[in-house]
Every structure is written in C-alpha cells, then in structure tokens.
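Engineer: One structure coming up, written as structure tokens, with questions to follow.
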Amino acid sequence: MAFIKKSILILLFVSLLSFLFISCFNEKQSILFDSEWIMQNVDEKGQSYVHHLFLNPDYQAVFKVYYKDATIAVVWTGKYKLTSKKLIFNFDKCTRFENDKPVGQYDSTRIIKYFSGDYFYSVGLVGEENKEYHMDLIRPKDYFYNQNIDFFGNPMEEFTLVEK
C-alpha cells in the first residue's frame, strides 16, 4: 500500500513539474505577439521585393508579398498560433490587390495554403549600435518538397521587426 501512495505522489510531482515547465512560455509577452515584420529579397533579375508579415493581437495574420515599386500585391489572410518554438499559420484566403484594391481571389489550394503550416522561428537582436530584432522562419522538411523557399522560389531570408 505504501508503494502505491509513493508512486502516486511521484507521478503527481512529475506532472506538476512538467506543467510548470510547459507553461513558462507566455505568448503575449513574446516579441512576436502583435508585431510587424519585413523581409526584403532580390529576385534573379535583380529586382527588390518584400514579404510583409503582420501578427495581430486577435491572432489574425496577414502575409503580403509585393515588388517595391509595383502596384500589385498578393495577400494571404488567416490565423496564427504562437508557441515557444513555432509559428503556426492557417491561411484561408489569398487575394490579389492592384492599387490597394482587391481584384481577384486565388482558388488554388496550393497558393492559398502556400505559407500555411508550422514554421520554427529564431529571433535575436542584431547590430552593435542600432540593435534591431531579426527573425528566421524555417519551414519544416515536410512542406513544399523539403525546401524553405518563399513565394517566388527563393530562399527565405531574415525578417526585421518594424518598430511601432
């Protein structure tokens, strides 16, 4: 009987410790919660384009891709979930905009879900004097043929936090 009581106490203690370690991450205190990020890249023709990511406090995510001097943008909208290791996106709409007005929806599941899924993230301060937050979003190997590529087929670069 004493063995059973000890076993139950040990199990409760281990469960309590596990709960404490798991619950240490507070998403609302994370630098990612309610934030705006920009990734700039250059395509194979040398033209500059931007990925603009908005993580709103109501767990709505907006991922906007556009060329710097163009009037056309492709915008994904949906939800996000934040954990201590991953950003999980579930985009359900993808819209094409011209001059900030919607002109069409993408119906292809592949395009709508292109940025959906799990991303491991790494965030850190970069720079000696003007420190700014940089973030790597790394797509796991089970999405899009084991490549961490952006919408244009180029490697995902670092995002920079837009200060509010």
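The values are calculated or read from the model by the stated rules, or taken from the named source; none is laboratory data. Quick caveat: nothing in here was measured; it's all calculated off a predicted structure. So basically every Cβ, Gly included, is an ideal-geometry build from the backbone, and we count neighbours across all protein chains shown. We work out accessible area using only protein heavy atoms, side chains counted, and drop any ligands, DNA or RNA first. Shrake-Rupley method; radii C 1.70, N 1.55, O 1.52, S 1.80 Å.
Engineer: Being in a strand (DSSP E or B), touching a residue at least 24 places away in the same chain (Cβ under 8 Å), out of contact with any Gly (no Cβ under 6 Å at 6 or more places or on another chain) and not hydrophobic (A, V, I, L, M, F, W, C): is that true of Tyr114 here?
Structural biologist: Working: in a strand (DSSP E or B): no; touching a residue at least 24 places away in the same chain (Cβ under 8 Å): yes; out of contact with any Gly (no Cβ under 6 Å at 6 or more places or on another chain): yes; not hydrophobic (A, V, I, L, M, F, W, C): yes.
The answer is no for Tyr114.
Engineer: Conditions: (1) of a type outside the set (Phe, Trp, Tyr); (2) in contact with a strand residue (DSSP E or B) (Cβ under 9 Å, 6 or more places away or on another chain); (3) open to solvent by 50 Å² or more (accessible area, probe 1.4 Å). Met135 meets all but one. Number of the miss?
Structural biologist: Answer for Met135: the failing condition is (3).
Engineer: Across the range 41-56, which residue is nearest to Lys28 (Cα to Cα) among those that are at pLDDT 95 or above and open to solvent by 40 Å² or more (accessible area, probe 1.4 Å)?
Structural biologist: Once the filter is applied, the top-ranked residue is Asn56.
Engineer: Looking at Phe159, Phe115, Phe91, can you tell me which residue is open to solvent by less than 40 Å² (accessible area, probe 1.4 Å) and in contact with a His (Cβ under 8 Å, 6 or more places away or on another chain)? Break it down into steps so the answer makes sense when it comes.
Structural biologist: Details: Phe115 fails: in contact with a His (Cβ under 8 Å, 6 or more places away or on another chain); Phe91 fails: in contact with a His (Cβ under 8 Å, 6 or more places away or on another chain).
Testing whether each residue is open to solvent by less than 40 Å² (accessible area, probe 1.4 Å) and in contact with a His (Cβ under 8 Å, 6 or more places away or on another chain) leaves just Phe159.
Engineer: Would you mind telling me which numbered condition in (1) open to solvent by 80 Å² or more (accessible area, probe 1.4 Å); (2) without any contact (Cβ under 8 Å) to a residue 60 or more places away in the chain Tyr67 fails?
Structural biologist: The one condition Tyr67 does not meet is (1).
So that you can scan it fast, the table gives a plain yes or no per residue for (1) open to solvent by less than 40 Å² (accessible area, probe 1.4 Å); (2) farther than 29 Å from Lys28 by Cα:
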residue	(1), (2)
Phe63	yes, no
Thr77	no, no
Ser84	no, no
Arg96	no, yes
Pro102	no, yes
Tyr106	no, yes
Ile111	no, yes
Lys131	no, no
Lys141	no, no
